[in-house]
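This report concerns only the one structure given below.
Taken together, the values in this text are just the output of simple stated rules run on the coordinates, not laboratory data. These numbers were taken from a predicted model, which means no experiment stands behind them. When we count neighbours, we look across all protein chains shown, and the Cβ atoms used for this are built from the backbone with ideal geometry, even at glycine.
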Protein chains: 2
Amino acid sequence: MAKLIDGDRISEEIKDEIRKEVERLKEEEGVVPGLATILVGENPASKVYVNRKHKACEEVGFKSEQIKMDESVTTDDILLEIERLNTRKDIHGILVQLPLPKHIDRRKVLEAISPDKDVDGFHPINMGKLLANNEALVPATPAGIVEMLKREDISLKGKDVTIVGHSEIVGKPCALLMLNEWATPTICHIETKDLKVHTLKADILIVAAGVPYLIKEDMVKEGAVVIDVGINRITKDQANEELLEWRKEDFEKKGATLIGDVDFLRVEPKASYITPVPGGVGPMTIAMLLSNTLKAAKNIMRREASKVKECYGELKDMTKDEMIENLDKMVGELFDKINVLQSEIDGLRRDIEEKEKTIKALKSSVKSLDDKFERV
Amino acid sequence: MAKLIDGDRISEEIKDEIRKEVERLKEEEGVVPGLATILVGENPASKVYVNRKHKACEEVGFKSEQIKMDESVTTDDILLEIERLNTRKDIHGILVQLPLPKHIDRRKVLEAISPDKDVDGFHPINMGKLLANNEALVPATPAGIVEMLKREDISLKGKDVTIVGHSEIVGKPCALLMLNEWATPTICHIETKDLKVHTLKADILIVAAGVPYLIKEDMVKEGAVVIDVGINRITKDQANEELLEWRKEDFEKKGATLIGDVDFLRVEPKASYITPVPGGVGPMTIAMLLSNTLKAAKNIMRREASKVKECYGELKDMTKDEMIENLDKMVGELFDKINVLQSEIDGLRRDIEEKEKTIKALKSSVKSLDDKFERV
């Protein structure tokens with residue numbers, strides 16, 4: 001019998017920690033982390049995911065904003081929107097919900113997001129920093145996997161880790177994170193000649209292939225840790241007898257159920273730890289997105305102060321070419337600074353209003369006490 | 001008996017191809033690719049490597065420039081030099097010879113190189129693009145490994161590839177290149193619990209650990225392809241009998257020899273292909289550096305035309321003096337605005353302080369009235 005790794009519980013823990021930190025930030029620095037999402041088109045699954053992310057923002061006290069764009073928009077329309085969000089002071093994280101419609105240049109869109117606000121960690125510069133084991137915004141799903149292993153006290157150092165799936169979003173960054181934790185990763189995919197050879201030797205098996213029942217019990221080593229990233233929707237008419245029985249309630253209520261890439265009922269008895277689907281990696285992904293947004297907000301805050309000073313210093317001794325190149329940047333940064341000061345002023349004004357209310361209330365207390373006293 | 005993969009011959013082939021392309025570029029576009037190297041300090045090995053790179057540039061008709069800096073320079077000195085090279089139109093590739101002295105911030109230096117001129121491929125943005133399988137400048141050593149395998153018609157698709165060594169320069173980018181070629185990579189390192197398990201299953205074994213004799217014959221599968229990236233200098237008094245005999249000439253001439261990480265004499269009979277040291281991966285690295293510089297020059301050339309158009313726009317008719325005047329005025333105004341806002345903030349803060357005093361006073365009035373009232 002494996003121990004279930006409860007992603008719901010762990011992600012709640014993380015959200016609690018974030019909530020406390022947000023309160024502190026609000027109080028001490030007057031900053032509320034803000035996440036903006038861009039959703040293009042009407043993909044129902046994407047809508048569900050985006051809504052879930054906004055609900056989570058609300059739970060931890062983030063500001064969040066949803067930008068919905070029509071299916072028919074162009075790449076340039078999206079780039080313009082991202083450019084706006086990049087310069088906004090109240091937005092610290094920008095997320096473009098994937099998949100994008102086919103006519104959109106996905107790469108261009110993802111690379112347009114300021115790396116500082118790239119809370120999905122998909123910008124090449126964040127990926128490159130992850131590779132170099134530098135401070136970076138790390139894609140939420142692999143970050144969530146490492147986080148859940150750490151919180152279960154499952155050590156990674158020296159472990160053989162087999163990753164099934166070599167996507168940019170899960171498999172590859174996951175392998176890099178594993179190296180940063182001193183594990184020995186093997187990355188498998190559809191062209192791997194004998195998947196079983198690699199899964200069988202894994203101390204930790206991470207499956208992100210999107211293929212239900214891909215991992216059977218004879219492919220897993222006794223005592224392995226099994227992390228199932230797959231989320232496959234199975235409708236009633238696709239389900240076998242066993243699944244119909246196991247997820248009876250789901251099928252009755254919703255006509256479908258969600259399963260992972262691992263044949264859970266058969267693999268679970270062999271594993272030492274296993275993540276369920278749903279309630280395993282899924283909720284961790286959202287928790288790590290929040291964690292990235294908080295991190296981004298703090299990084300941006302820290303950098304702001306020193307920025308203006310630096311940019312004026314560079315002005316001297318420039319050639320015309322350099323000036324043209326730098327003009328926009330420098331002036332933009334000064335404008336940004338002005339916006340920051342303006343919002344600080346707004347904050348202070350609100351504070352004064354509050355204090356005036358307090359004074360008014362206290363004065364009326366004094367007055368009523370005076371009256372009362374006179375009457376006595 | 002393994003087939004030797006002759007890096008010297010393959011790299012000459014590549015240099016021939018580059019030479020022809022350089023002639024064409026010179027003739028048709030009037031552009032000569034230019035490489036600048038920065039060498040800090042007096043490390044003798046580094047000097048040898050840098051000189052070799054310049055010699056290779058000469059061979060293919062590149063312009064090249066060596067910048068020597070004293071051991072005592074600061075990180076900022078190097079950054080300044082890089083900044084100059086970034087803007088120079090005749091330099092398309094910039095390479096900072098590693099290792100740098102300990103007091104230098106290596107990361108800062110490598111990230112300062114314009115990604116377009118980063119012919120070593122060490123900038124995070126190039127690493128990230130490699131991860132995403134986008135067009136990028138790829139580190140020369142792993143690029144050389146893939147190139148030599150391709151030119152020997154050794155297919156990678158579906159192959160199990162074990163990489164020993166997880167450096168940012170060889171191991172990690174090599175694993176990503178292998179994934180891009182649909183191989184199944186495993187990345188091992190000093191914490192891998194049983195190296196032999198992983199090397200034994202490799203169809204292609206790539207060793208970049210810097211440990212002489214690390215790979216013995218019992219660690220290699222019959223018929224494997226063995227790529228030895230190690231370059232270890234063994235002096236006469238470090239050598240065993242066998243090596244003294246095998247490299248007799250080297251020891252007589254130079255008192256030392258170069259060997260890889262693989263026990264060549266014993267592993268070679270089991271392998272199907274193997275790279276010698278020297279004359280294997282080493283010369284490929286330089287060939288790929290040249291190839292990267294050529295690629296960078298072509299990319300920069302292509303982009304330049306459109307960039308100038310975009311950038312100049314309305315500014316094109318201004319003189320530098322006019323621009324400075326304009327800019328100064330604009331920046332001055334922005335700074336004035338910032339000062340005004342700052343003093344407004346100070347005023348508001350004073351106001352808040354006053355109000356806080358009032359609140360304190362009123363609270364104590366309320367308290368004393370309460371007390372008085374109670375006593376009555």
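Going by amide H atoms built from the backbone, whose H comes under 5 Å of the H on residue A:64, apart from near neighbours?
So residue A:64 has HN proximity to A:35.
How high is the relative contact order of chain B, in percent, with contacts defined as C-alpha pairs under 8 Å that are six or more residues apart?
18 percent
Only sites in a loop by DSSP and with at most 13 other Cβ atoms within 10 Å count here; which GluC sites (Glu not before Pro) in the range B:186-230 make the cut?
B:222
Is any helix in chain B, taking whole DSSP H runs, at least 27 angstrom long along its axis by alpha carbon and on average at least 1.6 on the Kyte-Doolittle scale, and which ones?
None pass (Cα extent of 27 Å or more, hydropathy at least 1.6).
Distance between the C-alpha centers of the range B:246-302 and the range A:98-139? Whole Å please.
The two parts, judged by their Cα centres, are 35 Å apart.
Order by neighbour count: B:178, B:1, A:284, fewest other Cβ atoms within 10 Å first, most last.
Ranking B:178, B:1, A:284 by Cβ neighbours within 10 Å, fewest first, gives B:1, B:178, A:284.
Send over the semi-axes of the protein assembly as shown's equivalent ellipsoid, whole angstrom and largest first, taken as the square roots of 5 times the C-alpha gyration tensor eigenvalues.
Semi-axes from the Cα gyration tensor: 53, 39, 24 Å.
Between copies, how close do the residue A:63 label points come, placed 7 Å along Cα→Cβ, listed in nm from shortest?
Between copies, matching label points for residue A:63 lie 5.0 nm apart.
Once the cut-off is 24 Å, how many percent of the Cα-Cα pairs in the range B:99-239 end up in the long-distance tail?
For the range B:99-239, the share of Cα pairs beyond 24 Å comes to 36 percent.
Antiparallel as a % of all DSSP beta bridges within the protein assembly as shown, to the nearest 5?
Around 15 percent of the beta bridges assigned by DSSP in the protein assembly as shown are antiparallel ones.
What are the nm distances, shortest first, from residue A:235 to its equivalents in the other copies, labels at 7 Å along Cα→Cβ?
Reported distances to equivalent positions: 7.6 nm.
I want to check the label-to-label distance for residue A:191 and residue A:372. Put each point 7 Å from Cα in the C-beta direction and report it in nm to one decimal.
So the label points at residue A:191 and residue A:372 sit 8.3 nm apart.
If you project the alpha carbons of the range B:1-95 onto their three principal axes, what span does each projection cover, largest first, in Å?
For the range B:1-95, the Cα extents along the three principal axes come out at 49, 44, 16 Å.
Just to confirm the filter: which trypsin sites (Lys or Arg not before Pro) across the range A:140-239 are DSSP coil and have at most 13 other Cβ within 10 angstrom of their Cβ? Can you show the working numbers first?
On the way: sites: A:150, A:151, A:157, A:159, A:193, A:196, A:201, A:216, A:221, A:233, A:236; in loops: A:157, A:159, A:193, A:201, A:216, A:221.
Of the trypsin sites (Lys or Arg not before Pro), the ones in loops of the range A:140-239 whose Cβ has at most 13 other Cβ atoms within 10 Å are A:157, A:216.
Quick one: of A:157/B:201; A:372/B:357; A:117/A:157; A:117/A:150; A:3/A:159, which pairs are farther than 23 Å apart, Cα to Cα?
On the way: A:157/B:201 21 Å; A:372/B:357 25 Å; A:117/A:157 31 Å; A:117/A:150 26 Å; A:3/A:159 19 Å.
Check vs 23 Å cut-off fails for A:372/B:357; A:117/A:157; A:117/A:150.
Can you list the lysines whose alpha carbon sits under 17 Å from that of residue A:329, skipping same-chain ones fewer than 8 residues off?
Counting by Cα, and skipping residues close in sequence, residue A:329 has these lysines nearby: A:89, A:307, A:309, A:316, A:320, A:337, B:307, B:329.
Can you list the lysines whose alpha carbon sits under 26 Å from that of residue A:253, skipping same-chain ones fewer than 8 residues off?
A:47, A:53, A:55, A:236
Per residue of the range A:185-196, what does 6.51 cos²θ - 1.76 cosθ + 1.60 with θ = phi - 60° give for ³J(HN,Hα)? Whole Hz please, x for Gly and Pro, Karplus curve as stated.
x, 10, 10, 9, 7, 4, 8, 4, 6, 9, 4, 4
Which distances, shortest first and in nm, link residue B:370 to the matching position in the other copies, using label points set 7 Å out along Cα to C-beta?
Counterpart label points of residue B:370 in the remaining copies fall at 1.9 nm.
Whole angstrom only: what separates the Cα centroid of the range B:157-187 from the Cα centroid of the range B:29-62?
Centre-to-centre (Cα) distance: 28 Å.
Among DSSP beta bridges lying fully in the range A:153-307, give the percent that are antiparallel, nearest 5.
Antiparallel: roughly 20 percent of the beta bridges in the range A:153-307.
Let me check the size of the range A:3-290 from its C-alpha atoms; what are the radius of gyration and Dmax in Å?
Every Cα atom of the range A:3-290 included, Rg and Dmax give 19.5, 57 Å.
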